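The values are calculated or read from the model by the stated rules, or taken from the named source; none is laboratory data. Everything numeric here is computed off the predicted structure, so don't read it as measured data. As a convention, Cβ positions derive from the backbone with ideal geometry for all residues, glycine included, and neighbour counts pool all protein chains shown. All accessible areas refer to the heavy atoms of the entire protein, side chains included, with ligands and DNA or RNA removed. Shrake-Rupley method; radii C 1.70, N 1.55, O 1.52, S 1.80 Å.
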Amino acid sequence: MSPKSVGIDAMAFHGPECFIDMADLAVARGVEPAKYIKGLGQTAMAVPTPCEDTVSLAIAAGRKALDAFGIDPTQIGTLVVGTETGVDHSKPVATYVHEHLKLSSNCRSFETKHACLGGTAGLTAAVDWIASGRARGRKALVVAADIARYGLNTPGEPTQGAGAVAFVLSENPRLLEVDLDIYGDYTRQVMDFWRPLYSKYAFADGHYSINCYLDALAGSWSDAMGKPGAAAGMPIGNFDACFYHVPFVKMAQKAHHRHWEAELGRAVAKEDTGLMAKINASFEQRVGPWLRLNSEVGNIYTGSLFLALMDYLRQVDAAREGKAISLFAYGSGCGASMLLAKVAQGAAGFGTRLDPQADIDRRRRLDLAEYEAITRAGESVDGNDGPELDPSSWKLGAGVYYRGTRNHMRQYG
Ligand code: CAA
């Protein structure tokens, strides 16, 4: 029999142990700090050392999610890692995560890729698996893990970051119930952001990519509006919070504006001061309060939407239980999904288990020279039979880290 309620039962974030302050980066690049801090909305950016790759971030986030919510690894029947920064053309990151978290050998596992949409593609596949009844009471673990790299001295440099958000999906979830009936999808072939097989760094047509994102939002919104019940369920006024993919915090503000335009059925110019005041107030109420984690971590590609959601869930109180929210995921190239969900009854009791703030506050602040040295070191660590990588040389704590490649096989320890 198909379950009535499916959604997120557990959640955790894990990010790199170092960061650079955006004001330091701005000064070094000869840019007004206000451009990065106010113009892009970023205060800091996570910087992964060469030992912290997509695999190590995904393992740590997955372990935190299972441990914090008391989930037995043998209950996991599906494992998906959504990433656009996988470590092998063939072998999925999921197999390393599967081994280190000691999941059942009868768990299916795979990797999903569609730029920043991969984690959401994993979520919807897992939700469908549970809703169809094929999970037979088992749960799915989805990890959205990425390292956003544009390179030193590029326009994309201030929109880098790294991290992983892991979430467990189940019947009768403790945190969030996903709406199984109202959702929208959108796909279009565009070259707004891409990373060829030979490059560690992404290529982006930055301003064009912003337009592609906003058009995809309108496209997936109108697909969702075609579903039965959407006219009553979709108005922004119904939502306690609206979440968007957050490559940089200011993007969520642009997205909320376009969301309103989709609902109003027309463009709203800055000169329309009455409507602008209404949209800005809506942003302050429904979007702005949940963007602090994104502003401190930076872009984590496929996990960015879920980092904003975690920021909300860590602050949920009893009055918010049962409230509706919207989620918009965008993957360059491009694909997008609009989803609706509802805060589960009892979710308010899990705020402290979810909260990653203490880990974020413990990160080590890098100066510019260290940040540049770490970035350059990261360019050559994937080659075969190089020197063994030592996590202590970057002052990393306990954990599973990438140690170099031997006989063409990545080593973790
Ligand atoms: N004080 C305050 N604000 C300032 C300022 C100052 N001194 N100087 C500039 N600003 C503002 C600008 O007005 C602008 O704000 P608005 O967009 O609201 O007008 C903002 O700061 C950024 O300024 P620019 O547009 O001039 O910045 P830029 O040309 O250097 O590039 C960028 C910005 C296009 C985002 C670039 O960083 C980039 O290419 N990033 C990578 C691509 C990207 O993130 N695309 C997002 C959509 S695609 C996607 O979402 C998928 C993904 O994850 C990559």
Problem set entry | Gaussian network model of the chain, springs between alpha carbon atoms under 10 Å - residue of G333, G349, G77 with greatest fluctuation | G349
Seminar exercise, completed: With bins of 10 Å, the percent of all Cα-Cα pairs of the chain per bin from 0 is 5, 24, 34, 26, 10, 2, 0
Exercise. Where does the longest stretch of the chain lie that holds no GluC sites (Glu not before Pro) found in a DSSP loop with 14 or fewer other Cβ atoms within 10 Å?
Worked result: 1-270
Seminar exercise, completed: Among R29, R108, R314, the residue with the largest mean-square fluctuation in a Gaussian network model of the chain built from Cα contacts under 10 Å is R29
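What percent does the relative contact order of segment 6-412 come to when contacts are Cα pairs within less than 8 Å and at least six residues apart? Spell out each step's value before the answer.
Numbers: 922 pairs, mean separation 96.7, N = 407.
Computed over segment 6-412, the figure is 24 percent.
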For this session: Provide the solvent-accessible area of V400, counting protein heavy atoms only and rolling a 1.4 Å probe, rounded to the nearest 10 Å².
Result: 30
Seminar exercise, completed: For segment 170-288, the percent of accessible surface on carbon and sulfur atoms (probe 1.4 angstrom, ligands and nucleic acids excluded) is 54
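When ligands, DNA and RNA are left out and all protein chains stay put, how many square angstrom of accessible area per residue does the chain have with a 1.4 Å probe?
Values: 16630 Å² over 413 residues.
It amounts to 40 Å² per residue over the chain.
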Problem set entry | Dipole of the chain, positive direction: furthest Cα of Y36, A224, I279, with charges on the beta-carbon | A224
Exercise. For the chain, modelled as a GNM with alpha-carbon contacts under 10 angstrom, which of A319, A46, A218 fluctuates the most?
Worked result: A319
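Which entries of K113/K342; K4/K323; K200/K395; K113/K323; K35/K113; K91/K113 show an alpha-carbon separation above 22 angstrom in the structure shown? Before the final figure, lay out the partial values.
Numbers: K113/K342 27 Å; K4/K323 17 Å; K200/K395 24 Å; K113/K323 31 Å; K35/K113 31 Å; K91/K113 13 Å.
From the list (K113/K342; K4/K323; K200/K395; K113/K323; K35/K113; K91/K113), the Cα-Cα distance tops 22 Å for K113/K342; K200/K395; K113/K323; K35/K113.
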For this session: Please give every one of the aspartates and glutamates within straight-line cross-link reach of K278, meaning a C-alpha to C-alpha distance under 20 Å, and leave out same-chain neighbours fewer than 8 residues apart.
Result: D240, E261, E263
For this session: Could you size up the charge dipole of the chain around its Cα centre, putting +1 on the beta carbon of Lys and Arg and -1 on that of Asp and Glu, and report it in debye to the nearest 20?
Result: 560
Problem set entry | Residue-wise HN-Hα coupling along segment 253-258, computed from phi with Karplus coefficients 6.51, -1.76, 1.60 (Hz; x: Gly, Pro) | 5, 4, 5, 5, 4, 5
Seminar exercise, completed: Taking every DSSP bridge whose two residues both lie in segment 6-412, the antiparallel percent to the nearest 5 is 70
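Using only DSSP helix segments of four residues or longer, with each worth -39500 (n - 2.57), what per-residue ellipticity at 222 nm results for the chain after dividing by its residue count and rounding to 500? Intermediate values should be presented prior to the final figure.
Numbers: 13 runs with 133 residues, N = 413.
Theoretical 222 nm ellipticity from helices: -9500 deg cm²/dmol.
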